[in-house]
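Student: Structure provided below as structure tokens; questions to follow.
Values in this text are rule-based calculations from the coordinates and carry no lab data. Just so you know, these numbers come straight off a predicted model, no measurement behind them. Glycine also receives a Cβ, built like all others from the backbone with ideal geometry; neighbour counts cover every protein chain displayed.
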Amino acid sequence: MNILVLLKMVPDVVEELEVAGDGKSLDTSFLRTIINERDDHALEQAILLKERHGGKVTVVALDAPDIDDTLFATMAKGADRAVKITDAPEGMTTQMAAKLCGQVVAGLLPADLVLTGVQALDDLDGLSAALVAQQLNFPYIGVVTAVTAGGPTATVLKEFAGGVRGEFAVTLPAVLGVQAAEKPPRYVPVAKVRAVMKTNKIETVSAPGDAGAAQIEVRQLAKPVVSSHAEMLEGSPEEAAGKLVELLAQRGLL
Amino acid sequence: MASNIWVLAETWRGQVTETTLELLTLGREVAGQSGSQLEAVLLGDKSLAASLGAADNVLCAANVEPTPEAVAAALAQLVKERQPQAVLVPWTNLSMDAGALAAAQLNVPFVNGCKDLKSDAGTLVAQCVVYGGKLEAAVSATTASTLFGVLPGSRSAASPGNAPTVTDVAVTLPEAKVKFTKYLEPEAGGVDITQQDVLIAVGRGIQTQDNMELANDLAAALGGAVCGSRPVIDQGWLPLSCQVGKSGMQVKPKLYIMLGISGAPEHIEGIKGAQVVVAVNTDAAAPVFNASHYGINADLFEVVPALTEAVKAKKG
Ligand SMILES: Cc1cc2nc3c(=O)[nH]c(=O)nc-3n(C[C@H](O)[C@H](O)[C@H](O)COP(=O)(O)OP(=O)(O)OC[C@H]3O[C@@H](n4cnc5c(N)ncnc54)[C@H](O)[C@@H]3O)c2cc1C
Ligand SMILES: Nc1ncnc2c1ncn2[C@@H]1O[C@H](COP(=O)(O)O)[C@@H](O)[C@H]1O
């Protein structure tokens, strides 16, 4: 199977996020970015399929800070090729970025599957998987948690709510938005990534011309204005735990 | 008169979903602000129109398979023909892919993660939750008939009201390349977390499977069960049936204690029914503290053993 995987770098939300002076965008000066968590699952699902059926996994990503390390790590995990899209315009919306990615993906066909993360956590006008599917005229389904291939159709599980999943037969080639791989994404030791850096190369493609124009306008980006905030229990861990137990007892919860 | 506001009615195993009714409440507000009518788009069983009385009219197309492909094609066709001002789409696992595909076909944005939507001098502005709930963006679109993905819980559910008028509409569907085959039910057995009075919810902050013991001990002391956020389910440390949130369970315990959970909207939408919510997190800015009654900004590995001991001591 030939599988293309789209990867995106997103801010690590465990860190403090600051809004830039324009009040509309993220302050990127101290920003730490990581691979979008769902994309790690898309990659894992691709590698699992390759292990079962043979074939090639190609990873495609727009240039971003720290992207090279991420791309080398994908090759250390089992991707065969990594393609980086350079010279893209700044400040693209999801829709614009998806247009560029779709054009690059079209140039890398044929493929049986194009996998993306179901959603990125900075997305405001997506989802990229649907946008790419539309450009390629491939079928698409999202929130995927398992893929069984090996014929002209793939059997795909989509996660609904309440632990219920739906099984779908999807005609290949197709685009899937992956929520979770069948297994937790594999870990790769730093030493292996370093070794791959010496032997493998990241291919680069210049961004194709037409990303279109932005169709959304971000008027403001800000910390949420909240209607309520937790009452914080201060003190040492023991003191805070003690206070909580008293509160729970008062409320008849013990 | 301004063109109409639409809500994509979501149906799940023979019923209109709660989220659809919530979107009708929001849609009514928006329609009121722009002096337009509220219409629901029902793709499937016409008898369900009776639950959509909160709308002025229901556009009903029968025989649309519950696949993102079919729903998107039908919706996009209707939007092209009838040019609504905006379409509110449930931002749920069930409908997000259909909404995204319809927007792609229409070449309009799918503004998503909306918790609010209002008309500002004739332009619709959405308040969107981004970066796992750490920030919010006010977003407008430059296109007509923009699709907005609205988060569950944005409003209270609209009551069904009187039977609405129903307009039958015809759609032509493309050859199906995505076919629904069957549902897979959650595995029977194990704890039913929707029936528990006390839940200890574990997030990525727990770090390893061995550390799950800490949560188990606290749950045992409090007489409750352990559940988790997505990353813990992804790791296989808890079964899928113990996931809380958008793709998991809706829980309504008397006490919900979150350990090392950041408070992403996808998790929080599962705990709307919880009575007392407590969060333990090392990040003082974690959105989880905006969704809890009591918060402890500290390391769970220090707090949880102390808490378990204090509970045991109190209970005697
Ligand atoms: C379509 C879709 C559906 C989804 N459905 C769900 C769903 O149903 N349920 C769900 O939960 N998620 C769901 N998600 C994922 C969701 O977006 C978040 O990624 C997820 O909830 C994050 O889990 P978390 O809070 O455990 O991890 P993180 O966001 O990584 O947060 C970990 C937290 O632990 C804290 N921490 C770290 N160490 C410690 C310590 N020692 N002591 C105390 N605190 C510590 C950190 O400060 C951080 O806040 C869905 C996502 C998508 C795209
Ligand atoms: N700039 C990008 N480069 C590569 N892949 C992307 C990019 N933007 C989005 N994707 C892919 O599309 C998925 C969904 O992103 P989004 O549409 O932003 O929610 C991501 O998880 C990636 O797999």
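Student: If I model a spin label at A:Leu172 and B:Asn162 as a point 7 Å from the Cα along the Cα→Cβ vector, what separation in nanometres do I get?
Tutor: The answer from the label model is 5.6 nm.
Student: To continue, here is another question. Residue by residue, what Karplus-based ³J(HN,Hα) values in Hz, rounded to whole numbers, does the range B:246-263 have, using 6.51, -1.76 and 1.60 with θ = phi - 60° and x for Gly and Pro?
Tutor: 3, 9, x, 9, 9, 10, 9, x, 6, 9, 10, 10, 9, 10, x, 10, 6, x
Student: In peptide A:131-144, how many Cβ atoms from other protein chains are near each Cβ within 10 Å, on average?
Tutor: If you average over the peptide's residues, the count of other-chain Cβ atoms is 5.
Student: How many Cβ atoms of partner chains, on average, are near each residue of A:152-164 if near means within 10 Å of its Cβ?
Tutor: Other-chain Cβ atoms within 10 Å of each residue's Cβ, averaged: 6.
Student: For helix A:37-53, report the angle its Cα long axis makes with the longest principal axis of the Cα atoms of chain A; keep it between 0 and 90° and round to the nearest 10°.
Tutor: 40 degrees
Student: Given labels modelled 7 Å from the Cα in the Cβ direction, how far is it in nm from B:Asp192 to A:Leu108?
Tutor: 4.7 nm
Student: So, one more: Taking 41 Å as R0, compute the FRET efficiency from the Cβ-Cβ separation of B:Leu184 and B:Thr282 and round it to 0.05.
Tutor: 0.65
Student: In whole angstrom, note down how far apart the Cα centers of the range A:94-125 and the range B:155-202 are.
Tutor: Measuring centre to centre over Cα atoms gives 28 Å.
Student: Add -39500 (n - 2.57) for each DSSP H run of 4 or more in chain A, then divide by its residues: what number comes out at 222 nm, to the nearest 500 deg cm²/dmol?
Tutor: -9500 deg cm²/dmol
Student: Could I ask something else about it? Let me spell out the model: positive unit charges on the Cβ of Lys and Arg, negative unit charges on the Cβ of Asp and Glu, origin at the Cα centre of the range B:90-169. What dipole size does that give, in debye rounded to 20?
Tutor: 180 debye
Student: Another one. Cα axis of helix B:300-315 to longest principal axis of chain B: angle in degrees, 0 to 90, nearest 10?
Tutor: Roughly 70 degrees, rounded to the nearest 10.
Student: Can you give the calculated 222 nm mean residue ellipticity of chain B, where each DSSP H run of n ≥ 4 adds -39,500 (n - 2.57) and the sum is split over every residue, rounded to the nearest 500 deg cm²/dmol?
Tutor: One gets -7500 deg cm²/dmol as the mean residue ellipticity at 222 nm.
Student: Now for a different question. Can you list the residues of the range A:84-101 with backbone N under 15 Å from a point 7 Å past the Cα of A:Thr28, pointing along Cα to Cβ?
Tutor: Under 15 Å, as judged by backbone N against the label point of A:Thr28, lie A:85-94, A:97 of the range A:84-101.
Student: Give the angle, between 0 and 90 degrees and rounded to the nearest 10, that separates the Cα long axis of helix B:18-34 from the longest principal axis of the Cα atoms of chain B.
Tutor: With rounding to tens, the tilt is 50 degrees.
Student: Looking at this model, which pairs from B:Lys115/B:Lys246; B:Lys254/B:Lys315; A:Lys158/B:Lys254; A:Lys84/B:Lys246 are more than 23 angstrom apart at the alpha-carbon?
Tutor: From B:Lys115/B:Lys246; B:Lys254/B:Lys315; A:Lys158/B:Lys254; A:Lys84/B:Lys246, over 23 Å: A:Lys158/B:Lys254; A:Lys84/B:Lys246.
Student: Calculate, for B:Gln209 and B:Thr123, the FRET efficiency according to 1/(1 + (r/R0)^6) with r their C-beta to C-beta distance and R0 45 Å; round to the nearest 0.05.
Tutor: So the FRET efficiency works out to roughly 0.35.
Student: Can you give me the distance in nm between label points at A:Asp69 and A:Ala20, each placed 7 Å from the Cα along the Cα-to-Cβ direction?
Tutor: 2.2 nm
Student: Using the number of other C-beta atoms within 10 angstrom as an exposure proxy, rank B:Cys227, B:Cys114, A:Cys101 with the fewest first.
Tutor: Listing B:Cys227, B:Cys114, A:Cys101 from fewest to most nearby Cβ atoms yields B:Cys114, A:Cys101, B:Cys227.
Student: Quick one: dipole size for the range B:193-315, taken about the Cα centre, charges +1 on Lys/Arg Cβ and -1 on Asp/Glu Cβ, in debye to the nearest 20.
Tutor: It works out to roughly 440 debye.
Student: Convert each backbone phi in the range A:25-36 into a coupling constant with the Karplus relation 6.51 cos²θ - 1.76 cosθ + 1.60 (shift: θ = phi - 60°), then list the ³J(HN,Hα) values in order as whole Hz, x for Gly and Pro.
Tutor: 9, 7, 6, 9, 4, 10, 6, 9, 10, 9, 5, 4
Student: About the Cα centre, and with charges only on the beta carbon of Lys, Arg (+1) and Asp, Glu (-1), how big is the dipole of the range B:1-152? Nearest 20 debye, please.
Tutor: 120 debye
Student: Moving to a separate point now. Which loop chymotrypsin sites (Phe, Trp or Tyr not before Pro) in the range A:129-214, with loop taken from DSSP, have no more than 12 other Cβ atoms within 10 angstrom of their Cβ?
Tutor: Listed in order of number, the matching sites are A:Tyr187.
Student: Let me ask something else about it. Quick query: amide H of B:Val166 versus all other amide H atoms, modeled in the peptide plane; which residues come in under 5 Å with a sequence gap of 5 or more or a different chain?
Tutor: B:Val58
Student: Can I ask one more? Which residue fluctuates the most in chain A, going by a Gaussian network model with Cα springs under 10 Å, if the choices are A:Leu127, A:Leu221, A:Leu17?
Tutor: Top of the fluctuation ranking is A:Leu221.
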